[in-house]
Amino acid sequence: MAKKTSKVTHASELITASALTSSAIKKGSEPGEVLSAPIPVQPATATLSSPNSPSFSPLYDQIKILLTQSLIAGEWKPGDAIPSEFELAARYRVSQGTVRKAIDALAAENILIRRQGKGTFVATDTEPNIQYRFLRLVANTGEKQHPTTRFIEVKRGKASSEIARVLDIKLAAPVTSIQRVLVFAGKPLILDEIVLAQALFPALTMAKIIESKGSIYNFLETAYGIRMVRAQERLRAVSAEAFAAIALEVKVGTPLLSVDRIAYTYGDKPVEWRRGLCLTDGYSYYNELA
């Protein structure tokens, strides 16, 4: 099976600042749990539903589910080539047209990528056109800008009731919180707090993130094999409190856009919560609807 890897480098800076007081987690210092040794992966298999079954879904949708199960099981990693349509049709005992339709659906969701003359690959956050797909803050001039990062702190704590609910983990489960500022064209615009379950992302440190020299999602995919495939966001208007004002170099009370995000990996499993406090002077939150 062919594999293809690539690396995209972005600048990162480390700054010293006081810890961001978070309402998202309870303070603590519980160490992350060590994951057990990996279990050998077996290809995902399932019985296709009958047209007379109450749970019947189109055949291509059933193949899409089976392909997703293989991704969840780790049979194909981000960047890997998946078997050809012919091979998958033989594996699932369906037509190549059915397999093609299932792959098209996953490609439309940025889970798979077709490469002309090369085959179909599992999408990866190292792809330049995918890496910033969730970033919605754009310059009003229309100029495309990629931010640099100033990391403030990485700390450990325990999941609050809110975090436990959105990440589907136990109350007070060990979590890691990352605080950072995203800088656009030399101007700090987004103060981020990111919360991750330690069971999925053990031994996460600032040194490891900085050493990766890439985006957070690129790092999480590369270091832990977990890729974010979709996200939900909620927006509201807030005023800058003291710490946000310092981090974004504005006055206390300055209007900010608060964006709460839940990011999901394969199988719609929630794996990240984040809150971004955004300064929109000269920038807008842009989202294209179809």
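Summary of computed values
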| item | result |
| --- | --- |
| Leading residue by the ranking (farthest from the chain's Cα centre (by Cα)) among those in the range 58-79 that are within 18 Å of THR222 (Cβ to Cβ) and surrounded by 17 or more Cβ atoms within 10 Å (Cβ to Cβ) | TRP76 |
| Every residue from the range 257-290 that is in a strand (DSSP E or B) and without any contact (Cβ under 8 Å) to a residue 24 or more places away in the chain | SER258 |
| The range 80-115 - residue that is under 23 Å from GLU127 (Cα atoms) and polar (S, T, N, Q) and, of those, farthest from the chain's Cα centre (by Cα) | SER84 |
| Hey, ILE113 of a type outside the set (Ser, Thr, Tyr), part of a helix (DSSP H, G or I) and either buried (at least 19 other Cβ atoms within 10 Å of the Cβ) or in contact with a strand residue (DSSP E or B) (Cβ under 9 Å, 6 or more places away or on another chain) (or both) or not | no |
| In the range 222-255, the residues that are within 30 Å of GLY74 (Cα to Cα) and surrounded by 13 or more Cβ atoms within 10 Å (Cβ to Cβ) | THR222, ALA223, TYR224, GLY225, ILE226, ARG227, MET228, VAL229, ARG230, ALA231, GLU233 |
| Hits in the range 160-189 - residues which are in a strand (DSSP E or B) and within 19 Å of the chain's Cα centre (by Cα) | VAL175, THR176, SER177, ILE178, GLN179, ARG180, VAL181, LEU182 |
| Residue within the range 210-219 that is more than 17 Å from the chain's Cα centre (by Cα), without any contact (Cβ under 8 Å) to a residue 40 or more places away in the chain and assigned to a strand (DSSP E or B) present | no |
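Here, each number is a calculation from the coordinates, and none is a lab measurement. Only a predicted model underlies this, so the values are computations on that prediction, with no experimental measurement involved. Virtual Cβ from ideal backbone geometry, glycine too; neighbours counted across all protein chains shown.
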